[in-house]
Amino acid sequence: MKASDLFIKALENEGVEYVFGIPGEENLDLLESLRTSSIKLILTRHEQAAGFMAATYGRLTGKAGVCLATLGPGATNFVTSAAYAQLGGMPMFMITGQKPVKVSKQGHFQIVDVVDMMKPLTKFTRQIVSADNIPARVRESFRRAEEERPGATHLELPEDIAKDETDAIVLAESHHRRPIADDKAIAWAVDAIRESERPILMVGAGANRKTSSKMLRAFVEKLGIPFFTTQMGKGVLDETHPLWLGNAALSDGDFVHRAIEHADCIINVGHDVIEKPPFFMRRGKRTVIHINYLTAEVDTVYFPQIEVVGDIANAIWRISQQLEKQAHWDFSYDDSVREHLVSHLAKGADDARFPIYPVRMVADVRKAMPDDGILCLDNGMYKLWFARYYRCTRPNTILLDNALATMGAGLPSAIAAKIVHADRKVVAVAGDGGFMMNSQEIETAVRLKLDLVVLLLRDDAYGMIKWKQANMHFANFGMDMGNPDFVRYAESYGAHGHRPKSADEFGPLLSKCLDTPGVHLIDLPIDYSDNDRVLNREIRELSAEL
């Protein structure tokens, strides 16, 4: 059997449905083998976007998304998406080509050491130097990508190895269960929670798994412990629940931080320091319990006293089984925090100003989106507004990145989400800066005949950095830019372009686009002039009064 055929059979054996990417000369044997496969090639317009799509596929399914690029510049274009998957805990498997390794007549043309380049960005990377090794290398790539903590893996398949003949056969998938936490660690956690007076539950990205979400719901219902989420933990628990205390979208100074400071025991489920810390520990102030698949990475702001290491769902279930509500637990302060938070979240939801006010924009998106609809956020100022104000009721219904926090991922992520969940409403949310980094993928969405909405928030600047620049009392410099006519730009790809003229037009327009087939882009100007007043001053001042 030809090595490239064996490679594709190994992918089929892993249950691969799609390969996202751009082939090159060095991939042509693999491409021919893929042509007759059950696997569908999703041809993209940039390798970075292909990587974002593969990572999002992994995030939503738990199975490694696969992406393909050629050598040299094709491979280097995977760097950002590799880091996106690795830091974000998303299983992804990258395949890159290479010049022949036995005999090459092209010198060092396009040659960079891709394997060495990928080492700090992946869990596993290898060059395949023998066709006989393909089954083991592919199996290991998937195993490493998907096991906790998930991340990126990479194989380089040289052109001459892809042409070789081999008698090797694919390897069967190994079946294993995640290790479970030690009984003594469970007992320590149970005792600490039982003896505390003001426990609080924190839910992070690692808990964004179906079984973990189910067990956490049961935990909250049984014990009545209030909870909050990190940005990437949104939706694990219903954010309309009466015990919800908010999202730690801001680093400090929000209402939720008052509850955190008041707590004497923080039960951290699924958060690690790769995601921006939602609170800062101070020595001796409170007990922090780390419940995660892996041990804690100790940092100056995070040094938990108790670690429960193993399968999260199992650990939460066992703790819940050994605990009952305690009469001495006092959540009266948390009730006050929640009341003030919910009241503040409603302020501005009907603001009529235009360009649109961020709170009004988020409120209108929430009204238009069904509970199972998926928002795919790029990275920009709006991420803070959505994280804080958009209340999710289901896991993985808002996909944002608070680990690498890269721009350019919003549209590719939405394309992958729609491919995975063709029956659900999907909206990409991007600023004009992030959108233009991978805007060419509108053509990919149109070509695939996807029903998709792109909400483009236009402020004609790199808004988040402009906000930070102003906070540091620097002059406005290097942040403002020009833009194309986004309506005509979308239409040039075969998409539908829209531009509302008032805040009142936006909500009905979004609903109409969600219900109308095709790719729709809404060019929505946004007013960020309240960033400093609300996020830096108003919230801090109001929460400090509690």
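A short reminder: the numbers here are calculations on the coordinates, not readings from a lab. These numbers come from a predicted model, not from an experiment. Here the Cβ is made from the backbone with ideal geometry for all residues, glycine too, and neighbour counts use every protein chain on show.
What the table below lists for this structure:
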quantity	calculated
Antiparallel DSSP beta bridges within region 347-537, percent to nearest 5	5
Span from the region 331-392 Cα centroid across to the region 486-528 one, whole angstrom	20
Net charge over other residues, Cβ less than 13 angstrom from the Cβ of Phe255 (K, R count +1; D, E count -1)	-4
Efficiency of FRET between Asp264 and Arg149 - r from beta-carbon atoms, R0 22 angstrom, step 0.05	0.15
The chain: calculated mean residue ellipticity at 222 nm from DSSP helix runs of at least 4, using -39500 (n - 2.57)	-11000 deg cm²/dmol
DSSP loop chymotrypsin sites (Phe, Trp or Tyr not before Pro) with at most 11 other Cβ within 10 Å excluded, longest remaining stretch of the chain	110-473
FRET efficiency for Glu324 and Val79, using Cβ-Cβ distance with R0 set to 51 Å, rounded to 0.05	0.50
FRET efficiency for Lys163 and Glu12, using Cβ-Cβ distance with R0 set to 25 Å, rounded to 0.05	0.80
Inter-label distance, nm, simple model (7 Å from Cα along the C-beta direction), Asn476/Asp191	5.9
Hull volume in cubic angstrom per residue (convex hull over the Cα atoms of region 3-163)	90
Lysines with Cα under 16 Å of Lys222, excluding same-chain neighbours fewer than 8 positions away	Lys214, Lys325
Whole-Hz ³J(HN,Hα) from phi, Karplus 6.51 cos²θ - 1.76 cosθ + 1.60, for region 459-470, glycine and proline x	10, 6, 6, 8, x, 5, 5, 4, 4, 4, 4, 5
Cα-based shape type of region 183-339, given that a ≥ b ≥ c are square roots of the gyration tensor eigenvalues and the cut on a/c is 1.5	rounded
Equivalent ellipsoid, region 347-537 (semi-axes from 5 times Cα gyration tensor eigenvalues, Å)	25, 18, 16
For region 69-82, 3J(HN,Hα) per residue [Karplus equation, 6.51 cos²θ - 1.76 cosθ + 1.60, θ = phi - 60°, Hz, x = Gly/Pro]	8, 7, 6, x, x, x, 5, 5, 5, 7, 4, 5, 5, 5
In nm, spacing of pseudo-spin labels at Glu32 and Arg533 (7 Å Cα→C-beta vector)	6.7
Antiparallel bridge percentage (DSSP; both residues within the chain; nearest 5)	5
Residue pairs, from the table Lys40/Lys163; Lys383/Lys449; Lys276/Lys347; Lys40/Lys466; Lys40/Lys210; Lys163/Lys210, whose Cα atoms sit over 30 Å apart	Lys40/Lys466; Lys163/Lys210
Amide hydrogen neighbours beyond the local backbone of Leu452, cut-off 5 Å, H modeled	Gly518, Val519, His520
Derived scalar couplings ³J(HN,Hα) [region 498-515; Karplus, 6.51 cos²θ - 1.76 cosθ + 1.60; whole Hz; x for Gly, Pro]	9, 9, x, 9, 7, 4, 5, 6, 5, x, x, 5, 4, 4, 5, 5, 5, 9
Gyration tensor verdict on region 352-395 (Cα atoms; rounded if a/c is under 1.5, prolate if a/b is larger than b/c, oblate otherwise)	oblate
Potential extension, His340-Arg447 segment - 0.36 nm per residue separation minus Cα distance	33.8 nm
The chain: relative contact order as a whole-number percent, Cα under 8 Å and 6+ apart	13
For region 385-495: rounded, prolate or oblate by the Cα gyration tensor [a/c cutoff 1.5]	oblate
Nonlocal amide H pairs with Ile306, under 5 Å, H built at 1.01 Å	Val288, His290
Total formal charge among the other residues, if their Cβ is under 14 angstrom from that of Thr240, Lys/Arg +1 and Asp/Glu -1	+4
Contour minus Cα-Cα distance for Ala352 and Ala218 (0.36 nm per residue)	44.2 nm
Label-point gap, in nm, between Arg488 and Ala544 - each point 7 angstrom along Cα→Cβ	5.0
Neighbourhood net charge (13 Å Cβ-Cβ; Lys/Arg +1, Asp/Glu -1) for Glu441	0
